[in-house]
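Some notes on the structure that comes next.
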Amino acid sequence: MQDARTLNRRSLMHLLAATAAVGILYPSPATAQRGPLVTRPIPSSGEMLPVVGLGSWITFNVGDDEEARDACAAVMQAFFQAGGRMIDSSPMYGSAQEVIGYGLGKLGTPPALFATDKVWISSGARGPEQIEESRRLWGVPRFDLLQVHNLLSWQEHLKTLFAMKADGRLRYVGITTSEGRRHREFAQIMRGQPLDFVQVTYNILDREVEDRILPLARDRGMGVIVNRPFRQGALTRRMERHPLPPWAAEIQCSTWAQFLLKFIVSHPAVTCAIPATTNINHVRENMDAAHGPLPDEAMRRRMVAYVEDL
Amino acid sequence: MSEWWTYTPSDFLLFSPRTYYRLIELYNAAIWPGQLVALVAGLAILVLVRRAGPSSGRIVAAILAAGWLWVAWGYLFTRYATINWAASYVAAAFAIETLLLAVAGVIAGKLTFHGGGRWVGLGLFLFALFIQPLIGPLSGRAWSRAELFGVMPDPTVVATLGVLLAADRVRWELLAVPLLWCLFSGATLWTMEAPDAWVMPLAAGLTVAELARRRF
Ligand SMILES: NC(=O)c1ccc[n+]([C@@H]2O[C@H](COP(=O)([O-])OP(=O)(O)OC[C@H]3O[C@@H](n4cnc5c(N)ncnc54)[C@H](OP(=O)(O)O)[C@@H]3O)[C@@H](O)[C@H]2O)c1
């Protein structure tokens, strides 16, 4: 598979120019064959979001490395071109926010962008300062969604975020956790606070959220963002050693990544999954999972059984 | 964080191995031929430790302090911190070690060498200067990513441990930062699944074992 970073700068510039000429966000003929982009409404507003977004942990933390920054910009370009909207980051992710800002600057900040970031600082009083710094790094006028990262000082930060939303400086408010941490407290906050989004880990092998968090999100009318869809790549690497079952074609899956993503986004409570990647082919492949039929309940059970048997 | 036990070092690894080694490569290219200056400085330390003169301890301490200061600023603060926010705190620790070397070694002259240095210390120093830089390339990384004394933290720290063990008296105040770095570096490389993650913890273990042997 061609790796984004093996492209030299000139070919990258050609690629960017060519794709810009085609026009960001206009469906390509290939898209037409695969059916429309599958989207889900944000429960609190009805605004539609594609079921696949883009994460940035590790993958976009490339520091000042220009070649790598350009490769990240190319991934973002391919993402937007495939109809993607949500990019998720955090002040915890090293230079990722700055690299996103670099990419957006290069692409002219596509209007479809759904800018999703987090606040991650133990001092509640310093939250607004951190949010402003994040906004500056992204180079956007405001964030669409801000989440309290890993529930750190959530009482104070939620006050700030709800006040920003009331002032029109923020559109949506959420909280995040990952790998099953603090689910009891997470659920309590979901019951007590008018959140628009929650972000949790969910994938074909880590299904703990099916018991409590996902049903609760549905009851409370909250959108669900799914992190670590591939267990940070460990799942795709493990699955790629095995053949894809022939019936995966029934839900238009030609790769394991698509199989894993379709499993996640077919859960009725899930709004979108946010796989991270450094690779243009992978981002296209992931966005492809937001097309065509999704598995029904019976097929979902079959998918779990197949993967657990491997 | 009440759920601290659910975190592993890999939860704090914010970058990919590829980004990490690209960083080293770009840094090496940017400071070339600074590596040669560092190598000459390393050789000077070797000579000064072996043929101890009246002020050789102060000069050795000054060279080491310069190395630590450069690594703190030139690598940790201005480069590594771009992909790892923890590196700015580590840079501060390296600056403290610089200060300690300057005060104890250069000003107070407490770092002295007689009798050609003790062999474990000299061995560690030689390892840091000549062998450690080869480990990366031998484990399959490009030469442009080699880590050298006075340029990168790992060999600078091992060389310092070597000098401290070669000295007449153990300067405990100078050992804390290098030993802590060995653990930090080992943990980082281990989570990156680097084949040479064992080097720094081993250097720390050897140092502690040698110090224990001298005490008992
Ligand atoms: N507590 C929190 O708030 C929290 C915690 C964790 C994650 N998150 C968010 O969730 C996002 C996603 O989670 P994650 O980054 O941990 O891991 P992930 O998305 O599960 O996995 C990312 C890895 O999968 C590989 N990959 C992506 N697409 C692929 C494809 N089509 N085929 C094969 N491999 C593929 C990537 O490698 P390549 O680069 O080679 O494609 C990358 O190494 C994060 O980036 C972050 O935004 C939030």
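What follows draws every value from the coordinates through simple rules; no lab data is involved. Keep in mind it's a predicted model, so treat the numbers as computed, not measured. All Cβ positions, even for glycine, are placed from backbone atoms using ideal geometry, and neighbour counts span all protein chains on display.
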Taking B:THR191, A:THR255 and counting other beta carbon atoms within 10 angstrom, the fewest-first order is B:THR191, A:THR255
Under 13 Å from the Cα of A:LYS106 - aspartates and glutamates, other chains or at least 8 residues apart: A:GLU66, A:ASP70, A:GLU98
Report Rg(Cα)/(2.2 N^0.38 Å) for chain B, keeping two decimals. 1.00
Measuring from its Cα centre, region A:55-115 shows a charge dipole (+1 at each Lys and Arg Cβ, -1 at each Asp and Glu Cβ) which, in debye to the nearest 20, is 320 debye
Efficiency by 1/(1 + (r/R0)^6): what FRET value for B:LEU183 and A:LEU310, r their Cβ-Cβ distance, R0 = 45 Å, to the nearest 0.05? 0.75
Here, B:TRP172 and A:ARG184, labelled 7 Å along Cα→Cβ, have an inter-label distance in nm of 4.4 nm
Please report A:VAL304, A:VAL200, A:VAL270 as a ranked list, fewest other C-beta atoms within 10 angstrom at the top and most at the bottom. A:VAL304, A:VAL270, A:VAL200
In what sequence do A:PHE143, B:PHE113 fall when counting other Cβ within 10 Å, fewest first? B:PHE113, A:PHE143
Calculated FRET value between A:SER254 and B:VAL40, using beta carbons and R₀ = 56 Å, to 0.05: 0.45
For region A:173-306, the Cα-Cα pair-distance distribution in 5 Å bins from 0, as whole percents, is 2, 10, 21, 22, 19, 13, 8, 3, 1, 0
Return, for the Cα atoms of region A:58-187, the radius of gyration and Dmax in Å, separated by a comma. 14.8, 43
Which value, in debye to the nearest 20, gives the size of the charge dipole of chain A about its Cα centre, when Lys and Arg are +1 and Asp and Glu are -1 at the Cβ? 260 debye
For A:LYS165, go through the lysines and keep the ones whose alpha-carbon is under 19 Å away, minus same-chain ones fewer than eight residues off. A:LYS118
Rg in Å to one decimal, and Dmax rounded to a whole Å, for chain A via C-alpha atoms: 18.7, 55
Relative contact order of region B:15-215, defined on C-alpha pairs under 8 angstrom at six or more residues apart (%): 23 percent
Name the residue from B:PRO195, B:ILE131, B:VAL47 whose Cα lies farthest towards the positive end of the charge dipole of chain B, charges +1 on Cβ of Lys and Arg and -1 on Cβ of Asp and Glu. B:VAL47
Region A:140-207 and region B:94-152: distance between their alpha carbon centers, rounded to Å: 47 Å
If you project the alpha carbons of the protein assembly as shown onto the principal axes, what extent comes out on each, in Å, largest first? 81, 48, 47
Just name one of A:MET287, A:VAL224, A:ALA273: the one whose Cα is farthest towards the positive end of the charge dipole of chain A (beta-carbon charges, Lys/Arg +1, Asp/Glu -1). A:VAL224
Where nothing but the Cβ of Lys and Arg (+1) and of Asp and Glu (-1) is charged, how large is the charge dipole of chain B around its Cα centre, in debye to the nearest 20? 720 debye
Quick one: pull the percentage of alpha-carbon pairs in region B:1-124 with a separation above 20 Å. 58 percent
Net lengthening on full extension, B:PHE12/B:TRP32 (0.36 nm per residue, minus Cα-Cα): 4.1 nm
